[in-house]
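The values are calculated or read from the model by the stated rules, or taken from the named source; none is laboratory data. In this text, all values refer to a predicted model and were calculated from it rather than measured experimentally. Quick reminder, even Gly has a Cβ in these numbers, built from the backbone with ideal geometry, and neighbours come from all protein chains shown. These accessible areas exclude ligands, DNA and RNA; they are computed on the full protein's heavy atoms, side chains included. Shrake-Rupley method; radii C 1.70, N 1.55, O 1.52, S 1.80 Å.
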Amino acid sequence: MDRALAEALAPVLRDLGNSGSVIPRVEDGQWSDVEGQVTAMLFSPGGSGQGVSAMTGEPLPQRIASVADQVQEWAVEELCSIGRPTNWPPCPQHPHSHPLSAVVREGQAVWSCPRTGYAAGGIGQLGQDRDG
């Protein structure tokens, strides 16, 4: 897998694992002919797949947030298909209402509440103690 995509995907997969969510099987594969776009496929245990991509020219925080948004879309669909809550990752301020959104803030890729803007933590740090 291209390094630009692998380094953007790694923290998102870590968040899936640390939160007890579903984990995709990731297969390398270039399915786009857009210059600078690197791609792979995410597969569910049932075999359904979804593409994920990153632009090599983007700064790492932007790539991480973009990939997190795509993986979140995959996770929501997969969670729905197995009858689990689909608000991944759940917003700590509104845990039964909506998931967090992947954004770039102050040069960092973070999970943020789409209602209040509360930054719940860096992407790749779900389930970790925020005090270090």
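A compact table of results
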| item | result |
| --- | --- |
| E73 vs. criteria among the charged types (D, E, K, R) and without any contact (Cβ under 8 Å) to a residue 40 or more places away in the chain | yes |
| Any hit, the range 44-64, residues being at pLDDT below 95 and hydrophobic (A, V, I, L, M, F, W, C) | no |
| Qualifying positions in the range 98-111 - assigned to a strand (DSSP E or B) and open to solvent by 60 Å² or more (accessible area, probe 1.4 Å) | V104, R105, Q108 |
| Unmet criterion (only one of (1) closer than 28 Å to G46 by Cα; (2) crowded, with 17+ Cβ neighbours inside 10 Å) for G121 | (1) |
| From the options P85, P95, residue that is under 17 Å from the mean Cα position of the chain (by Cα), without any contact (Cβ under 8 Å) to a residue 12 or more places away in the chain and not in a helix (DSSP H, G or I) | P85 |
| Pairs with Cβ under 7 Å, 6+ apart, first in the range 38-62 and in contact (Cβ under 8 Å) with a residue 12 or more places away in the chain, second buried (at least 18 other Cβ atoms within 10 Å of the Cβ) and of a type in the set (D, E) | S44/E78 |
